Amino acid sequence: MHISTASKRLCVLAIKSEIMRSAGAYLREQGFIEILPVILSPVTDPLHHETYGGAIDYYGRPYQLTKSMILHKQIALRTAPKIFCFSPNVRMEPEERARLGRYLAEFVQLDLEVRDGTRNELIRIGEGLLLAILRGVKERCPGELELLKRDLAILKRPFRQITYLEAEQQFGKKFDDALSKSLAAPSWVIDFPREVREFYDREDTSRPGTLLDMDLIYPEGYAEALSGGEREHTLSRILRRFEQDGIDPQRFSEYLKAVEEGIPPSAGFGIGVERLTRYICGLDHVKEARLFPKVPGAVGSI
């Protein structure tokens, strides 16, 4: 049965709405408090890949559009032990990334963080979150799934884990797509080398050069779902990472003030709402997962 463009769009929006409802419900059951996102700030995630700048003049000072809530999440844990937010992110990626089908210049990330959290704890939370979302969609959106011809598999925990080095040896340096196409169910990539991630990702003191990070990879070629790990939280270790990565500390002076005052050890992750919608709905491109999409390199859209 053919489904019209308008009907498909409505199905996708209904499923995305349920994704956000069921995600929030699950996290509240786990003791999380929702906070409001930060849109403008003097500091934001530096990222470890190329994006165009998003700086604006804010009363004579340079502020940036949020690329992720990571730095603010760490500081927020001084107030509450478990927090989450649906955070709008602006990442103006290079134009060639548009063809990969999973990049938007403007997207929403479900960001969460746990005071004194560990990677293993966050892996359990991530698996529980995904299962709760899939159950919610299956129970509340059966008609939409049928119209989209999408049969959601019942996942079993724990998910498979593979190290970054194992994935690179098996599938090459840029392994996300090849690994994803080989998977029958979501799987974790763990133990990232220090040089491929950001300064806030915590290095394992017993294994120098290895980060206590994890990415969740979707099956069927949908690639990265979730990215996170444990965080650096002491001033000396963060400044050491700045030096290793060639980062000017002055860029992050406001954040470093908070670190000097004291931020707790933590772990957390971010999961893209549109990418999750794309995976659940079986969409060709992530731009189909929201109204008014901004695709890298495409201008002129509302």
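The values are calculated or read from the model by the stated rules, or taken from the named source; none is laboratory data. Quick caveat, the model's predicted, so the values are computed rather than measured. Here the Cβ positions follow ideal geometry from the backbone for every residue, glycine too, while neighbour counts run over all protein chains shown. Ligands, DNA and RNA are stripped out before the accessible areas are found, and what is left, the full protein with its side chains, is counted by its heavy atoms. Shrake-Rupley method; radii C 1.70, N 1.55, O 1.52, S 1.80 Å.
Out of all the residues in region 8-18, is one or more crowded, with 17+ Cβ neighbours inside 10 Å, among the basic types (Lys, Arg) and under 20 Å from Arg231 (Cβ atoms)?
Looking through region 8-18, none of the residues is crowded, with 17+ Cβ neighbours inside 10 Å, among the basic types (Lys, Arg) and under 20 Å from Arg231 (Cβ atoms).
Which ranges mark the helices (runs of 4 or more DSSP H) fully within region 150-254 that have 2 or more residues being among the basic types (Lys, Arg) and within 24 Å of Glu121 (Cβ to Cβ)?
235-245
Within region 235-281, count every residue that is within 30 Å of Arg140 (Cα to Cα) and of a type in the set (D, E, K, R).
So the count comes out to 3.
Return yes when Leu235 is more than 18 Å from the chain's Cα centre (by Cα), within 30 Å of Gly101 (Cβ to Cβ) and of a type outside the set (Asp, Glu) and no when it is not.
Considered against the rule, which asks whether it is more than 18 Å from the chain's Cα centre (by Cα), within 30 Å of Gly101 (Cβ to Cβ) and of a type outside the set (Asp, Glu), Leu235 comes out as no.
How about region 32-79: which of its residues are in a strand (DSSP E or B) and of a type outside the set (D, E, K, R)?
Matches in region 32-79: Ile33, Leu40, Ser41, Tyr52, Ala55, Ile56, Tyr58, Pro62, Tyr63, Gln64, Leu65.
Test Arg9 against the criterion of being outside any loop (DSSP other than H, G, I, E, B), at pLDDT 95 or above and at negative phi, and give yes or no.
Yes.
Each row is one residue, and each column tells you yes or no for (1) in contact with a helix residue (DSSP H, G or I) (Cβ under 9 Å, 6 or more places away or on another chain); (2) at pLDDT 95 or above.
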| site | (1), (2) |
| --- | --- |
| Tyr26 | yes, yes |
| Leu36 | no, yes |
| Pro46 | yes, no |
| Gly53 | no, no |
| Leu77 | no, yes |
| Lys82 | yes, yes |
| Cys85 | yes, yes |
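Taking region 109-123 as the region of interest, how many residues are open to solvent by 30 Å² or more (accessible area, probe 1.4 Å) and either of a type outside the set (D, E, K, R) or free of Cβ contacts under 8 Å to residues at least 12 places away in the same chain (or both)?
2
Looking only at region 91-108, count every residue that is part of a strand (DSSP E or B) and open to solvent by less than 40 Å² (accessible area, probe 1.4 Å) and tell me the total.
2
Output the residues belonging to region 198-224 that are surrounded by 23 or more Cβ atoms within 10 Å (Cβ to Cβ), touching a strand residue (DSSP E or B) at 6+ places or on another chain (Cβ under 7 Å) and over 22 Å from Ile263 (Cβ atoms).
Ile217, Tyr218
State the number of residues belonging to region 259-299 that are within 22 Å of Met214 (Cβ to Cβ), among the basic types (Lys, Arg) and either part of a strand (DSSP E or B) or touching a Leu at 6+ places or on another chain (Cβ under 7 Å) (or both).
Of the residues in that region, 0 qualify.
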